[in-house]
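So the structure is just underneath, and the comments pick up after that.
The values are calculated or read from the model by the stated rules, or taken from the named source; none is laboratory data. Not measured: the values here are computed from a predicted model. Surface areas here come from the heavy atoms of the whole protein model, side chains and all, with no ligands, DNA or RNA. Shrake-Rupley method; radii C 1.70, N 1.55, O 1.52, S 1.80 Å.
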Amino acid sequence: MLKSLFNWKVLLNLVIAIGVFAGLVWLTFRWLEHHTNHGQEIPVPNIVNKSIHDAVKILDDTGLEYEVDSANYNPKYRPFQVLQVYPAPGSRVKDGRTVHLTVNPRTWAPIAVPDVINKYSGLAFQRLDQVGLKIGDTIYEPSIQKDALLRILYKGNAVNPGARLPRFSVIDVVVGSGPMRNISIPNVVGLTVKEARAVITKSMFEVGLVEHEDGSNDESDIIYYQDPASGDVRDQGMQIDLWASKKTPAELRAKIEQLNSIYRMKVDTSLPPVRYEEVHNEPSYEAPPVQAPAPRRETPKPEVPKTETPKTQTTTSKPAASGTEKPKTSTAASTTVHTAKPAASTTTQQPAQKPKAKKVVVE
């Protein structure tokens with residue numbers, strides 16, 4: 001076994017195999033050096049702050065490939081200006097190496113218009129400002145949607161939600177100012193249903209119930225009755241009910257009179273209007289009235305009347321010369337006494353009167 005391994009033929013074959021393997025390895029590395037241009041490196045040129053057209057021309061002359069990518073628009077730099085290069089300028093790369101360029105766009109990237117139609121104007125303005133749209137003119141238009149954003153205009157044309165506009169574009173907005181008052185209702189009797197819809201919409205009203213006599217929904221039926229009647233005044237957005245038929249209004253006179261009895265009721269305005277008042281049954285929290293104590297009655301003490309004793313005047317009667325003077329003296333004395341008695345009696349009768357109650361003030 002060992003002798004067979006050290007045979008010269010075996011050793012020769014082994015040497016030949018090793019030589020062939022070494023030759024293949026050497027040839028492979030030589031081919032890689034030639035294919036990859038080993039040792040042949042090209043410095044990346046400094047093309048930062050140059051325009052993209054100049055940068056591409058320089059890279060083509062040096063034998064380098066390039067890929068262009070746009071960044072967010074920066075107004076500090078010129079449009080199509082090279083902002084960044086990878087690999088960095090001065091780096092040595094192989095011939096044919098791809099160089100990545102970051103270029104400033106020509107303008108802002110377009111943004112999608114948010115869906116703010118029929119939204120409250122305050123919130124809509126805030127949302128538009130967040131995405132980068134600038135509001136120019138605010139146009140107010142009569143509408144039942146007061147303070148709602150109705151349309152967005154860009155350069156005079158309406159813009160739908162989702163449309164892409166350049167960032168920081170100036171847009172105009174249309175906002176509802178509330179419904180118009182006292183608009184005259186148009187006359188649509190004699191028109192087709194399709195024509196009546198157009199006239200009602202143009203007059204800023206809405207089509208309400210449309211009743212077809214034969215139960216069909218044919219838009220070519222003729223309107224023979226409407227409610228409210230033409231000439232009445234209503235606010236914007238009110239509904240107008242329609243009755244349509246294939247017959248003419250003259251053929252439906254009985255039906256029209258029946259509808260008049262229902263929808264054209266006359267109100268007697270000669271009677272005074274009835275006024276209704278609301279009664280609020282609220283619990284009362286009033287404190288009971290404080291009763292003042294009854295005043296005390298003070299019974300006045302009866303005063304003891306002082307009896308005045310009439311002074312009897314002593315009249316010294318001189319002996320009269322004649323008998324006629326005596327009656328005068330007695331008459332005078334009797335008159336004096338008679339006069340004094342009523343005075344005494346008057347004084348004694350005063351306690352018999354009811355005493356007046358004194359007013360007592362309670363503080």
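In the complete set of protein chains, residue-level accessible area for Thr201 is approximately 90 Å², probe 1.4 angstrom. Per residue, region 93-165 exposes an accessible area of 59 Å² to a 1.4 Å probe, with every protein chain left in place.
For region 124-242, what does the alpha-carbon gyration tensor say about shape, rounded, prolate or oblate, given a ≥ b ≥ c as the root eigenvalues, a/c under 1.5 as rounded, and a/b over b/c as prolate? Kindly include the intermediate steps, with their values, before the conclusion.
Values: a/c = 3.68, a/b = 2.32, b/c = 1.59.
It is prolate, given that a/c is not under 1.5 and a/b is the larger ratio.
Sequence-ordered 3J(HN,Hα) estimates for region 70-78 from the Karplus curve with 6.51, -1.76 and 1.60 and θ = phi - 60° stand at 9, 9, 5, 5, 10, x, 6, 10, 6 Hz, glycine and proline given as x. The distance linking region 164-204 with region 44-108 is 54 Å (Cα centroid to Cα centroid, whole angstrom). Amide H to amide H distances under 5 Å link Ser70 with Val103, where only residues 5 or more positions off or on other chains count and H is placed in the peptide plane. In this structure Arg151 has an accessible area near 90 Å², from a 1.4 Å probe over the protein heavy atoms.
Karplus-based coupling profile of region 101-106, in residue order and whole Hz: 10, 10, 10, 6, x, 6, with θ = phi - 60° in 6.51 cos²θ - 1.76 cosθ + 1.60 and x standing for Gly or Pro. Between the amide H of Lys146 and those of Gly178, distances stay under 5 Å, these residues lying 5 or more places away or on another chain, with hydrogens modeled in the peptide plane. Residues whose amide H falls under 5 Å from that of Gln81, counting only those 5 or more places apart or on a different chain, are Asn104, with hydrogens built in the peptide plane. Rolling a 1.4 Å probe over the protein chains gives Tyr263 an accessible area of about 100 Å².
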